[in-house]
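Q: Shown below is the structure under consideration.
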Amino acid sequence: MTRSRVLALDYGRVHCGAAISDLTATIVRPLEAVKDAGAPEGLRKIAALVEANDAGMVIVGMPVSLSGEAGAQAAETVSFIAALQTVLSVAVIPWDERFTSKLASRKGRHSGSNPHSLAACCLLEDYLGSAQYRRISGGN
């Protein structure tokens, strides 16, 4: 299977962090956060990010508690994913985002980058290191 870039989104009602991988899935960089991502204009901006970065899939952080339970924010994220699937022609995959905000705040202390997009970077790094990504991408 040919590898492609992966776009990660750390969804929030006001700000949606975004990050993209390189083709080798070894380098992750933050992108500008998308405002009002669930609104029609926000969905168009995300579709434009997918197109401009030649992303072959999108992962979306799924907020769950430490025990793995989904709450109200998870239900809103599921609705956001459904809306994304109507405007994108690539796979949209939910991914457990536990600890990404905490990791992002540690990384962001000295980076000057948007904290939402840093959270998306942490999410993407976690996904790219997973067995699921290796299985989908044909990697080892």
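Q: Can you tell me the length gained on complete extension of the stretch V78 to R44, counting 0.36 nm per residue apart and subtracting the Cα distance?
A: Length difference between fully extended and current span is 10.4 nm.
Q: Place the peptides 33-46, 72-85, 115-128, 50-63 in order of packing, highest mean first, counting for every residue the other Cβ atoms within 10 Å and averaging per peptide.
A: Packing order, densest peptide first, comes out as 115-128, 50-63, 33-46, 72-85.
Q: What net charge is computed for the residues neighbouring E51, neighbours being all others with C-beta under 12 Å from the C-beta of E51, Lys and Arg scored +1, Asp and Glu -1?
A: +2
Q: If I model a spin label as a point 7 Å beyond the Cα along the Cα-Cβ vector, how far apart are those points for I27 and D96 in nm?
A: In this crude spin-label approximation the distance works out to 3.1 nm.
Q: Over the Cα atoms of the range 1-43, each weighted equally, I'd like the Debye log10 I(q)/I(0) at q = 0.22 Å⁻¹, rounded to two decimals.
A: Once normalised to I(0) and log-transformed, intensities are -0.70.
Q: Between D96 and residues 5 or more places away or on another chain, which pairs have amide H atoms under 5 Å apart, with H built 1.01 Å from N, and which residues are they?
A: HN-HN under 5 Å from D96: M62.
Computed from the coordinates by the stated procedures, all read-outs in this text should not be read as laboratory data. This is a predicted model, so every value here is computed, not measured. All Cβ positions, glycine included, derive from the backbone under ideal geometry; neighbour counts span all protein chains shown.
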